[in-house]
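Read through the structure below, which is laid out as C-alpha cells, and then see the notes.
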Amino acid sequence: MENVYVLGALRTPIVTKNGKFKAVPAEALGAAVFHALTEKFPAAAQTLSGVIGGNAVGTGGNIARLAALTAGLSEAVPAWTVDMQCASAAAALAATYHAIACGEGDVYLAGGMESSSLQPLRVYDKKDSRFSKTPEGDGAYFTAQFAPGDLDPDTMLRGAERVAKAENIPKAALDAWAIESHRRAARAQERGVLRDFLVPVNGVAEDDGIRPRMSQKLLDRLPRLFGPDSVTTAGTSCLINDGAAFALVVSGRWLAAHPEAKPAARIVAAQAMGGVPDESPRGAMRTAEALLDRYHLSFDDMAAIEFNEAFAVIDVLFERKYPDLVDRYNVFGGALAYGHPYGASGAILLVHLLAALEDAGGGRGVLSIAGAGGMGEALLLETGEKA
C-alpha cells in the first residue's frame, strides 16, 4: 500500500447564499481553487492523475470534470464527481486516498464545490409516484429524497430536533455552542490563522457569516422552528452557503521523486459509516469513533478534532462524551459561524484541521462529517514528525 500525503489545501471564502457569489457557478469556485493550488505546487500540477470533486445540490452531470476544464487543466486528466450530500468532499478525499494507496495514480486534486445560490429546482417525472407528493403537488423539489418514504424538505432540521429531544438536550446548551462557534471563528479571523489558506474570488477575500457579537439576546429573538416545545432555531442550525475547497494529494512515491516538496500531512486512513437515516447528526461522532477504534486510538490521542457542526446538537453530543477535549475541538469555530456549502464542507474541514494542527505544533488529527440519510465520513491525519 502506497503512503498518501496532503501536499497542500486551499479554500475560497465561505459566502452566504445569494450574497457575493450569487451568480458564480460551483465549477467556477472549484476552478479558482484549482488555479491557486496548481500555481502554488507547479511540479504536482504537471503530473496530475485525476480530479475527484464532491457536489450535492448542483446542476448534475460530472461537475468535477466541468471544473477541471473551466480551470484549463489538460483534457487528458480524468475527473469524476462524488455525491454523498454533506459528506461529498470528505468522500472525494477518501476515494483519492484509496486510489493512491492502491497505486492507481500519484497526484490528485480532491475536495468539493457548491453553489447553493444557483441550486436548480428539479421536477419529478409525472409517472413518478412522488410527483404529487411534493409540497405544491407539481413535482418540483429542491431537497432530494434521502430515505424511503421521507419527502420532507425539512428532514435534516427535524433530524437535529429528534436527536436533541432523544438526548434531553435543552435549548440553552445548543445556544451556548452557537455563541462559542462564532466567538472562536471571530477570534481566528482576527488572528488571521486561516488567511494563507483562502483563495480570493471576484475580490471577495473573507468569510461573511461570522458574527463576533452573537449573543444569547440575539438567539432568544429567533423562533423555535417546530413549535414552542422545540429546541432548534436558525441560530443553532448552519447557514446555507457557497464555496469550494480542494487539496493536492500525492503518493509517497511522488514525494520521493520530488524531495523539494514538503507535505502538510499524511492521510493515515478513511472511514465511511451509515446509521439511522432520520438521525443524521449522530453520523459525525459514530464515524470518527469507528475510525479511531480501527487504529486503537482515541480522541485523547488527537491534537486537533474537526466536526462539521451543521447543527449545534453535534457539538453538545461531543461535549457530553468528551468534556475535557473541547479545547481541541473546532478550535477556529465551525459551520454554525462559517456556514455549510454542502458539497465542499468535508474539504473545508481538512483545511481547518491542517491549520489547527499547525497551530498546535503538529500531531494527529481527525475530521468527521455527518451526511443526509444517516451517513458519515471521517479521515485521520498525521503531521510533523508523526507524518
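Throughout, read-outs are computed from the coordinates displayed, never taken from laboratory work. This one's a predicted model, so the numbers in the text were calculated from it and none came from an experiment. Neighbour counts are summed over all protein chains in view; Cβ atoms, including those assigned to glycine, are modelled from backbone coordinates with ideal geometry.
Odds and ends about this structure:
- Across all directions, the shadow cast by the convex hull of the stretch 191-234 built on its C-alpha atoms averages 5.1 square nanometres.
- Taking the convex hull of the alpha carbon positions in the stretch 265-321 and averaging its projected area over all directions gives 4.5 nm².
- Extended-chain gain in nm, criterion 0.36 nm per residue less alpha-carbon gap, A256 and D359: 34.4 nm
- Gyration tensor (alpha-carbon) shape descriptor, the stretch 95-160, a/c threshold 1.5: prolate
- Extension gain for K126 to D152 (0.36 nm times residue separation, less C-alpha to C-alpha distance): 7.5 nm.
- Computed with the Debye formula from one identical point scatterer per Cα of the stretch 86-209, without solvent, the log10 of I(q)/I(0) at q = 0.10 Å⁻¹ comes to -0.62.
- Computed with the Debye formula from one identical point scatterer per Cα of the stretch 147-190, without solvent, the log10 of I(q)/I(0) at q = 0.15, 0.19, 0.29 Å⁻¹ comes to -0.57, -0.73, -0.96.
- Residues of the stretch 144-163 with amide N under 11 Å of the 7 Å Cα→Cβ point at K133: 145-152
- In order through the stretch 338-351: 3J(HN,Hα) via Karplus (6.51 cos²θ - 1.76 cosθ + 1.60), integer Hz, x for Gly, Pro: 6, x, 9, x, 2, x, 9, 4, x, 7, 4, 4, 4, 4
- Calculated diffusion of the stretch 39-100, Stokes-Einstein form, Kirkwood radius summed over Cα pairs, 4 °C and 1.567 mPa s, µm²/s: 106 µm²/s
- Of the trypsin sites (Lys or Arg not before Pro) found in the stretch 119-150, those that fall in a DSSP loop while having at most 12 other beta-carbon atoms within 10 Å are K126, K127, R130.
- Hull shadow area, averaged, the stretch 260-387 [alpha-carbon convex hull, nm²]: 7.7 nm²
- D (Stokes-Einstein, µm²/s), Kirkwood Cα radius, the chain, 0.890 mPa s at 25 °C: 118 µm²/s
- Protection-proxy order for peptides 44-51, 18-25, each taking the mean of Cβ atoms within 10 Å per residue, highest first: 44-51, 18-25
- Most mobile listed residue (L109, L218, L353) in the chain, GNM with C-alpha springs under 10 Å: L218
- Of the Cα atoms belonging to the stretch 154-298, the radius of gyration and Dmax stand at 19.7, 62 Å.
- Each 10 Å bin from zero holds the following percent of Cα-Cα pairs in the stretch 156-232: 16, 36, 27, 18, 2.
- Relative contact order of the chain: 28 percent, from C-alpha pairs under 8 Å at least 6 residues apart in sequence.
- Shown for the stretch 1-141 is the translational diffusion coefficient from the Stokes-Einstein equation, using the Kirkwood radius over Cα pairs, a temperature of 4 °C and a viscosity of 1.567 mPa s: 80 µm²/s.
- Calculated FRET value between Y295 and E190, using beta carbons and R₀ = 30 Å, to 0.05: 0.25
- Cross-link partners for K171 among the lysines, with Cα-Cα distance under 20 Å and sequence neighbours closer than 8 places in the same chain left out: K217, K321.
- Here's the list of lysines a cross-link from K262 could span, going by alpha-carbon distance under 18 Å and ignoring same-chain residues fewer than 8 apart: K40, K386.
- Electrostatic dipole magnitude of the stretch 115-221 [Cβ: Lys, Arg +1; Asp, Glu -1; Cα centre; debye, to 20]: 260 debye
- FRET efficiency for A76 and N18, using Cβ-Cβ distance with R0 set to 25 Å, rounded to 0.05: 0.10
- Spin-label model, R213 to E104: label points 7 Å out along the Cα-to-beta-carbon direction sit 5.0 nm apart.
- Within the chain, percent of DSSP bridges classed antiparallel, to nearest 5: 70 percent
- Sum of side-chain charges, G283 neighbourhood, beta-carbon under 13 Å (Lys, Arg +1; Asp, Glu -1): -3
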